[in-house]
Amino acid sequence: MAESDRPIAELMRELSAETSTLVRQELELAKLELADKGKRAGIGAGLMGGAGVAGLYAVGALTACLILALATAVTAWVAALIVAIVYGAVAGGLALAGKSKVTDAVPPVPEQASESVKEDVQWTKNRAQQARN
């Protein structure tokens, strides 16, 4: 029997079965993609944490160096105050820049799975249209 000679009921059952299989496969693809992204993000976050700790030690040493260098020109407490004010201004600027970047961030979306679902919906529409004709 040619494909165009098959009854509509049979075509609809086949379409339903294929759609169910397709949805399950797309969900599995999305899960795998998000798991991979999550794993990479976790590793990156751990490395960033280690870098933050090392950076804190560096900033502490730099702070002591700056205070000691300024203390040759002014009293020690004034030198410490100057360094603290400069650090506060830098922290404020970084906080504002960070807030702006977080606001602009796009929510994480499984791009491959999302695109594939769009293609599958279009394919299903075309298939249903062909079955009606």
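Assessment of segment 79-96 against the conditions (under 32 Å from the mean Cα position of the chain (by Cα), among the hydroxyl-bearing types (Ser, Thr, Tyr), outside any loop (DSSP other than H, G, I, E, B) and surrounded by 10 or more Cβ atoms within 10 Å (Cβ to Cβ)) yields at least one matching residue.
Has segment 18-39 got at least one residue that is in a helix (DSSP H, G or I), over 30 Å from residue 128 (Cα atoms), touching a residue at least 60 places away in the same chain (Cβ under 8 Å) and within 30 Å of the chain's Cα centre (by Cα)? I'd like the intermediate steps shown before the answer.
The initial filter retains those residues of segment 18-39 that are in a helix (DSSP H, G or I), namely 18-39.
Going one step further and asking which of them are over 30 Å from residue 128 (Cα atoms), we end up with 34-39.
Imposing the further condition that a residue be touching a residue at least 60 places away in the same chain (Cβ under 8 Å) reduces the set to 34, 37.
Filter once more, keeping what is within 30 Å of the chain's Cα centre (by Cα): 34, 37.
Yes; the residues of segment 18-39 include at least one that is in a helix (DSSP H, G or I), over 30 Å from residue 128 (Cα atoms), touching a residue at least 60 places away in the same chain (Cβ under 8 Å) and within 30 Å of the chain's Cα centre (by Cα).
Just one of the listed residues (15, 68) is at pLDDT 95 or above and surrounded by 11 or more Cβ atoms within 10 Å (Cβ to Cβ), namely 68.
Has segment 21-29 got any residue that is of a type in the set (Lys, Arg), loosely packed, with under 12 Cβ neighbours inside 10 Å and more than 18 Å from residue 120 (Cα to Cα)?
no
Residue 74 is checked against (1) assigned to a helix (DSSP H, G or I); (2) over 30 Å from residue 123 (Cα atoms) and fails just one. What number does that condition carry? Every condition holds for residue 74 apart from (1). Considering only residues in segment 107-133 that are acidic (Asp, Glu) and under 17 Å from residue 21 (Cβ atoms), the one that is modelled with the lowest pLDDT turns out to be 120.
The values are calculated or read from the model by the stated rules, or taken from the named source; none is laboratory data. Bear in mind that the values here come from a model prediction, so they are computed numbers and not experimental data. When we count neighbours, we look across all protein chains shown, and the Cβ atoms used for this are built from the backbone with ideal geometry, even at glycine.
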